[in-house]
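Provided herewith is a single structure, encoded as structure tokens, for subsequent inquiry.
Each value in this text was obtained by applying a stated rule to the coordinates, not by laboratory testing. All figures in this text were calculated on a predicted structure; none of them were measured in a lab. Heads up, the Cβs are rebuilt from the backbone with ideal geometry, glycines too, and the neighbour counts pull from every protein chain shown.
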Amino acid sequence: MTLTPRIAALLTVPPMLWAGNTLLGRLLAPVMPPLLLNCLRWWLALAILLPLGWRAIGTPERRAEIRARWRPLAGLGLLGVGAYNALQYLALHTSTPINVTLIASSIPLWMMLVGALFYRERPRGGQLAGAVLSLAGVMVVLLRGDLSSLGTIRLVAGDLWILVAALAWAGYSWQLARPAASMRGEQRPDWNWAEFLLVQVIFGVGWATLSAVGEAIWMPQPVQWSPMAVAALVFIAVGPSVLAFRLWGRGVAEVGPAIAGFFANLTPLFTALLSAALLGEPPHPYHALAFALIVGGIVASNRR
């Protein structure tokens with residue numbers, strides 16, 4: 001489907017919320033274990049979604065619909081809820097923000113790879129050109145317009161965690177666009193967006209809770225509660241968890257994950273701008289250049 005201004009707006013808000021999530025994840029790293037943060041985030045999101053999507057679990061018949069489709073739903077919950085942000089929070093404990101954002105910006109390439117290997121979706125020339133342009137824009141932001149800083153990037157354990165997270169998000173997006181037979185057409189239950197997200201989160205909090213328990217056993221870290229930590233957790237549960245998933249899911253369903261993936265490259269740009277605002281640093285000319293490259297990549301990916 002052709003990219004329209006409405007769909008572009010839908011796909012632009014999630015990167016803004018994800019940028020806020022990245023900044024808060026970095027701020028919370030010293031005071032809260034990463035897997036516990038992800039677990040609490042999704043339990044709060046579940047509480048928010050219950051009044052909106054309770055019909056999906058409100059009757060024995062509706063619960064039977066979920067049990068009959070537990071395999072694809074467990075996959076969505078694992079990749080989109082249980083894995084991606086848990087791995088991102090984990091990466092922020094050991095890797096630098098520049099490396100985490102750089103590797104996460106490779107998501108469009110992993111989407112193309114997953115599509116080619118598992119869905120027989122060959123990328124078009126425009127999509128490949130768009131990937132190059134978008135990644136060039138991300139590099140401009142991350143290197144602050146100074147190519148000489150490229151040699152300072154060093155891979156650590158956190159870089160590998162965010163790489164796995166990028167693969168998880170690519171798989172999640174393709175499962176939304178190309179669902180199992182029981183989740184397509186007339187076979188799919190008549191869930192609205194809140195009901196569908198609620199079902200995913202129900203499975204996802206199971207994965208998130210198991211990982212948080214394992215973290216508490218093998219990598220214990222005390223939690224340092226404060227008003228800032230509580231406010232940050234509430235924002236993460238409402239914005240990146242509920243609102244961003246709603247808009248991202250609609251955008252992916254309308255234009256496909258390959259094109260939608262280019263909008264994920266706006267996240268590091270928004271991260272840089274938000275960091276500048278919070279730290280009192282004004283934007284620089286390279287921010288405009290990076291934005292032009294990233295938007296150019298989105299446009300190129302949509303050309304036939």
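Provide the packing ranking of 74-84, 186-196, i.e. peptides ordered by the mean count of other C-beta atoms within 10 Å per residue, highest first. Each step should come with its number before you reach the end.
Working: 74-84: 23.3, 186-196: 15.1.
Ranking the peptides 74-84, 186-196 by packing returns 74-84, 186-196.
Moving on. Show me, for region 37-45, the HN-Hα J-couplings you get by feeding each phi into the Karplus relation (A = 6.51, B = -1.76, C = 1.60, θ = phi - 60°), rounded to Hz, glycine and proline as x.
4, 5, 5, 5, 4, 7, 5, 5, 4
Also, I was wondering about something else. Give the residue from ALA9, MET183, ALA260 lying farthest towards the positive end of the charge dipole for the chain; charges sit on Cβ (+1 for Lys and Arg, -1 for Asp and Glu) and the dipole is referred to the Cα centre.
Farthest towards the positive pole: MET183.
Report the full-extension gain for the segment ALA116 to VAL31: residue separation times 0.36 nm, less the Cα-Cα distance, to one decimal in nm. It would help to have the intermediate numbers written out before the result.
Details: separation 85, 0.36 × 85 = 30.60 nm, distance 4.11 nm.
That works out to 26.5 nm of additional length.
I would also like to ask the following. Given region 70-138 reduced to its alpha-carbon atoms as identical point scatterers, what log10 I(q)/I(0) does the Debye formula return at q = 0.17 Å⁻¹?
Cα-only, vacuum Debye calculation for region 70-138: -0.82.
How many percent of Cα pairs in region 5-301 exceed 32 Å?
Numbers: 10685 of 43956 pairs.
Across region 5-301, Cα pairs with separations above 32 Å total 24 percent.
Now for a separate question. Can you list residues whose amide H is under 5 Å from GLU121's amide H, if they're 5+ apart or on another chain and H is modeled 1.01 Å from N?
ALA116
Given 25 °C and 0.890 mPa s, how large is the Stokes-Einstein diffusion coefficient of region 202-303 in µm²/s, with Rh as the Kirkwood radius over Cα pairs? Provide the component values of the computation, followed by the final result.
On the way: Rh = 17.1 Å.
This corresponds to a translational diffusion coefficient of 143 µm²/s.
How high is the FRET efficiency from VAL223 to ALA68, r the C-beta distance, R0 45 Å, rounded to 0.05?
Details: r = 39 Å, r/R0 = 0.86.
Computed FRET efficiency for VAL223 and ALA68: 0.70.
In debye, nearest 20, what is the charge dipole magnitude of the chain about its Cα centre with +1 on Lys and Arg Cβ and -1 on Asp and Glu Cβ, if you could check?
Rounded to the nearest 20 debye, it is 680 debye.
OK, next. Among 210-216, 287-293, how do they line up by average Cβ neighbours within 10 Å per residue, starting with the highest? Provide the component values of the computation, followed by the final result.
Values: 210-216: 16.0, 287-293: 17.9.
Going by the mean number of other Cβ atoms within 10 Å, highest first, we get 287-293, 210-216.
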